[in-house]
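Below is one structure, written out as structure tokens, with a few remarks after it.
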């Protein structure tokens, strides 16, 4: 017998042995089950925690193969967070699946359904045992988030002035402790508070919006004669202060409960004013009480990981907001707020066909020491914070604690930032080698995708991240500023932002860019993107090094089509083979004549056939004085259909500038038509977004 045949026989025997030795254990769960049962189909357990005990026994016995925990239809109301440690871990020979049973639609809930509601004087009153000692921040009526009582009910008040008394300076750029005193020009702003006792005043929160941040703080004192109030907390950041014109509203006091659809909670319980079409018999009220639903906790600092656990077809719903005791001090991207699902020290953990919704904070965070984890075909919706978070805001010395190789694919990440407007659809901090692909990211108040977390040219771990084939749209809502569809920070060698469709990005004042390379963004390639309907430009570079902006279509920005800010000694970026089309506004904003860049083989066009202005120069003067755009042209490129999110170009023109056609239809989610349909924003949200854009344009 030849050596080759012998080798094949040994291989075949090995495969047979492995196949025969692999086993499959199954445990069954039902909300109507009992933890004293045997966990069989006919005698299911009631809780996941009970099933975990049996899984641990199998792990301890060195079980090999697969363990499946099948959840029947219904709601699994958690008493405490589900925690997965090293004791719950799979390994190379063991895969563990927590999944929906066939045709089932199970929900894992951190909320409590209200059982008794009293109706009196047009209000509903109810109570809930506060066993978790939390400050309630959200409630849901018939599965919909409802508004905490606030004043004004729509829009904002504006600060006339802000004075700060520093109590403790500390060592940072912002004071460690200070008192801010806010003055209003409107005389009636604080009238509602004049009859309140001091202990009631101290429970009132103000929510302020400034630049890319928001502040949530409690009031200390009110002076109705001087039309001022004061609040104690951290000192304001010099680079992003509350100031004249800062918008705010008040919440969390009884007198603000004056409009249908609002709710308020005091020491005596909850009150809610129902909408006209709501009846007690057909209404379900749910109050989130758990701050985390699922926690995966390995020990990456010791090289020990929770491994090979997979969640399929599950819904994770109703998660409480962990608003800090003293409110929310402004921090970009709500960087220190936790998530419904927290993951540390994990390898090969996956979520497939899952839903995370009705959260008070972020949806899911692959935080410290996570590697080779996946989120695929998942629906993240109605979020108090952001959608997905990857990595941390610091660089740990131990490389085992770095997070990398996370895949977010074919996910719908929709409607967030309701409690923390500065949150992001997908946020990547100090983390590299991640893939964000074929996602639909929409309806956030700050930024769609943010990658990198270093301001300047220092050490960053955000390398080789791929943001590709995504749809990113309806971002901003005219609420915050200095934001984008895709936003980057710091050196990012190998990072690509390509083949995305980015549209309807609208800031309050400045900002609202499609693609934004902010402070120190370097070595990033952005190509084959279709970007349209932005406020301040399709592309903006604040400052960075050797970025490549190539073969994109930038269309129909309001103010500027393209923007650049800082002059540096090195080459900032190259801008080639792009098509730039506008209806109005300025073509180039900033010191483009002085910035070091390569700029050629582009096509520029304004639909109204206005004369072109290249930072004060004609096109011929621009080419002669700067040496740029020697092979570029001013010519109508063809049709850009913003309703369908696609284009049809003049083939001859495309050939002349070296533009390579790409298919925008390849961006966004894929699969069955129902999944694609789910990614479409409701028409009511789109119309409301458009109304805010029109209102903002009229003001500016």
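Observations on the model:
- Within the range 155-171, tally of residues that are touching a strand residue (DSSP E or B) at 6+ places or on another chain (Cβ under 9 Å) and farther than 16 Å from residue 219 by Cβ: 10
- Only one entry of 57, 38, 46 meets the criterion of being at pLDDT 95 or above and closer than 21 Å to residue 298 by Cα, and that entry is 57.
- Which listed residue, of 619, 554, is within 18 Å of residue 654 (Cα to Cα) and assigned by TED's automatic domain parsing to the domain that holds residue 522: 554
- Residue 569 being more than 28 Å from residue 507 (Cβ to Cβ), in a loop (DSSP other than H, G, I, E, B) and modelled with pLDDT of 95 or more: yes
- So residue 196, is it part of a strand (DSSP E or B) and more than 34 Å from the chain's Cα centre (by Cα): no
- Residues satisfying the stated conditions in the range 26-53, i.e. surrounded by fewer than 16 Cβ atoms within 10 Å (Cβ to Cβ), touching a strand residue (DSSP E or B) at 6+ places or on another chain (Cβ under 6 Å) and within 22 Å of residue 308 (Cα to Cα): 26
- Of the residues in the range 648-664, not one is in the same structural domain as residue 549 (by TED's automatic domain parsing), within 21 Å of the chain's Cα centre (by Cα) and surrounded by 11 or more Cβ atoms within 10 Å (Cβ to Cβ).
- Residues (part of a loop (DSSP other than H, G, I, E, B) and over 23 Å from residue 291 (Cα atoms)) located in the range 63-87: 63, 64, 72, 73
- Of the residues making up the range 522-534, one or more are under 20 Å from the mean Cα position of the chain (by Cα), buried (at least 24 other Cβ atoms within 10 Å of the Cβ) and modelled with pLDDT of 95 or more.
- Residue that is surrounded by the most Cβ atoms within 10 Å (Cβ to Cβ) [pool: residues in the range 546-588 that are over 30 Å from the mean Cα position of the chain (by Cα) and touching a residue at least 60 places away in the same chain (Cβ under 8 Å)]: 576
- Qualifying positions in the range 589-609 - surrounded by fewer than 17 Cβ atoms within 10 Å (Cβ to Cβ) and touching a residue at least 12 places away in the same chain (Cβ under 8 Å): 591, 593, 594, 596, 598, 607, 608
- Qualifying residues in the range 657-685 (those that are part of a helix (DSSP H, G or I) and touching a strand residue (DSSP E or B) at 6+ places or on another chain (Cβ under 7 Å)) - the one nearest to residue 477 (Cα to Cα): 685
- Extreme residue, surrounded by the most Cβ atoms within 10 Å (Cβ to Cβ), among residues of the range 495-517 that are free of Cβ contacts under 8 Å to residues at least 60 places away in the same chain and assigned to a loop (DSSP other than H, G, I, E, B): 512
The values are calculated or read from the model by the stated rules, or taken from the named source; none is laboratory data. Being a predicted model, the structure only gives us computed values, none of them experimental. Positions of Cβ are backbone-derived with ideal geometry, glycine not excepted, and every protein chain shown enters the neighbour counts.
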